[in-house]
Amino acid sequence: MNEKQLKIANSKVHRHQAANKTDRLGETPLKAAISVAPLKPENAVMCRRCGNRPARYKSPWCDACVGEAAKMRREAREKRATILGVVPELFQVARMCHLSAGVRKIIDDLPKWKGLFLWSPPGVGKTYAMAAIARRMIWRGRTVARSSYEMLCLEIRDTFKPKAVETELAVIKKYLEPDVLFIEDVGTTKAIGEQESDFSRRTFLVLLDQRLEQCKATFVTSNKSVEDLRASFDSRIASRIQQACEVIELKGKDRRRVND
């Protein structure tokens, strides 16, 4: 028997021994270990998605790409659920493409820590614009909270009741923690020139001040200009709005007056 024949005989013996071995419980023959020879790279069907790894059995994608796609679908479902919780139902249709090119350009150029102050007469589209911006922020993975200013104040006042469950600090923290905060209709319950209460001034100042210190974006809407808010609140709040936000005046007709 020459050397080549000896090697062939030895390989057959080794395969026979491996096929008759069992696992530690002595139940399952380990024939699978030698039943199928591994595919050579040049013969393997590569993943159609990444092109770098062999595809799964009866699948055009590899294991890594299948897992990544499942993760992306799960994250998309979570983001859609978040949008439903943040954006009012009336404004679920709002999209960035519906806004003017000028407003979109300003939003795209904003630093991550800076927000917008949108002001205009009623019905021009401030809340619609904010809904579109909030949707984009959520899709980009940023945490978002939204409230009208009066509802926020009512929520805080509710903590003053003797049997209140939440504290004032706990309510404030809910609006300090998100990456982006949307506060709608600031100062709209007071006529121009009419003074806001000390409670209202303190609440707004704390929110703006703390979020500025933490470099978190705050988006604000109002029917009043910054100068009108300076008269209703005070110069400290007006100054912080100008520091924390890009000020934009929206112009147009009242969209709520559909019969005009």
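Within the stretch 113-135, restricting attention to residues that are hydrophobic (A, V, I, L, M, F, W, C) and not in a helix (DSSP H, G or I), which residue is surrounded by the fewest Cβ atoms within 10 Å (Cβ to Cβ)?
Taking the stretch 113-135 first, the residues hydrophobic (A, V, I, L, M, F, W, C) are 113, 116-119, 124, 129-134.
From what's left, not in a helix (DSSP H, G or I): 113, 116-119, 124.
On the way: Trp113: 14, Leu116: 24, Phe117: 22, Leu118: 24, Trp119: 23, Val124: 20.
Step by step, filter the stretch 113-135, then rank; the result is Trp113.
On the basis of being among the small types (Gly, Ala, Ser), in a helix (DSSP H, G or I) and under 18 Å from Cys245 (Cα atoms), does Ala145 make the cut? The answer is no for Ala145. Checked against (1) in contact with a strand residue (DSSP E or B) (Cβ under 9 Å, 6 or more places away or on another chain); (2) at pLDDT below 95, Leu116 passes all but condition (2).
Being closer than 24 Å to Ile83 by Cβ and of a type in the set (Phe, Trp, Tyr): is that true of Phe219 here? Against the criterion (closer than 24 Å to Ile83 by Cβ and of a type in the set (Phe, Trp, Tyr)), Phe219 qualifies.
Of all residue pairs spaced 6 or more apart or on separate chains, those with beta-carbon atoms under 6 Å, a first member in the stretch 102-127 that is within 22 Å of Ser239 (Cα to Cα) and a second member that is of a type in the set (Phe, Trp, Tyr) and at pLDDT 95 or above are Gly115/Phe219; Leu116/Phe219. Any residue in the stretch 51-70 that is modelled with pLDDT of 85 or more, exposed (fewer than 13 other Cβ atoms within 10 Å of the Cβ) and over 30 Å from Arg136 (Cβ atoms)? Scanning the stretch 51-70, I find at least one residue that is modelled with pLDDT of 85 or more, exposed (fewer than 13 other Cβ atoms within 10 Å of the Cβ) and over 30 Å from Arg136 (Cβ atoms), so the answer is yes. For the stretch 27-50, filtered to residues that are assigned to a loop (DSSP other than H, G, I, E, B) and β-branched (Val, Ile, Thr), the residue that is modelled with the highest pLDDT is Val45. The condition (being over 17 Å from Phe91 (Cβ atoms), polar (S, T, N, Q), modelled with pLDDT under 95 and surrounded by 14 or more Cβ atoms within 10 Å (Cβ to Cβ)) is satisfied by just one residue among Thr143, Thr159: Thr159. Of all residues being touching a residue at least 60 places away in the same chain (Cβ under 8 Å), of a type outside the set (Val, Ile, Thr) and crowded, with 17+ Cβ neighbours inside 10 Å in the stretch 213-245, which is nearest to Ile183 (Cα to Cα)? Just the residue, please. Selected residue: Phe219.
Within the stretch 146-156, the residues that satisfy the criterion of being of a type outside the set (D, E, K, R) and surrounded by fewer than 16 Cβ atoms within 10 Å (Cβ to Cβ) are Met151, Leu154.
Each residue in the stretch 57-112 was checked for being of a type in the set (Phe, Trp, Tyr) and not in a loop (DSSP other than H, G, I, E, B), and 1 pass.
The values are calculated or read from the model by the stated rules, or taken from the named source; none is laboratory data. None of the values given here were measured: they were computed from a predicted structure. Backbone-built Cβ (ideal geometry, glycine too); neighbour counts: all protein chains shown.
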